[in-house]
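> Supplied in structure tokens, the structure appears directly below.
The values are calculated or read from the model by the stated rules, or taken from the named source; none is laboratory data. Everything numeric in this text was worked out from a predicted model, so none of it was measured. No Cβ is skipped: glycine too gets one built from the backbone with ideal geometry, and neighbour counts run over all protein chains shown.
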Amino acid sequence: MEPFRETYTRFPQLVKALSQLRTYIVNNRLVIPNDGERYRKGEAIATGFVESTVNEVVSKRFCKKQQMQWSKEGAHLLLQTRGRTLNGELAGIFKRWYPDLAIKAEEMPIAA
């Protein structure tokens, strides 16, 4: 990045954005899917149908005509929880967080 310091007028903003991206990737590396691995296993890697649904739900809630609105952080956390529910990962996460909690994966509600 150093060659850009002199030529790129928004270099400090670029450094900050890349630093935030790195932090996000490091903090979420365990839940970021490896599309190459999924492809080699013959698993689906397309997310268009998920993105379409998320965009529709989020855009409705962020609309200023609604009585209630989500904050960006609240929407992000809700989507993470929903994704983990749909992937069947939520019960395992709760077991790690609360080892004494008597919960079985089959007791978790099936996501619609």
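> Does region 45-55 contain at least one residue that is aliphatic (A, V, I, L, M), modelled with pLDDT under 65, outside any loop (DSSP other than H, G, I, E, B) and out of contact with any Gly (no Cβ under 6 Å at 6 or more places or on another chain)?
no
> For E106, state whether it is exposed (fewer than 10 other Cβ atoms within 10 Å of the Cβ), out of contact with any strand residue (DSSP E or B) (no Cβ under 6 Å at 6 or more places or on another chain), assigned to a helix (DSSP H, G or I) and modelled with pLDDT of 65 or more.
So E106 does not fit the description; no.
> Taking the options L21, L30, name whichever one is at pLDDT 80 or above, assigned to a helix (DSSP H, G or I) and out of contact with any strand residue (DSSP E or B) (no Cβ under 6 Å at 6 or more places or on another chain).
L21
> Can you tell me how many residues in region 82-101 are within 17 Å of the chain's Cα centre (by Cα) and either more than 27 Å from V58 (Cα to Cα) or of a type outside the set (G, A, S) (or both)?
So the count comes out to 8.
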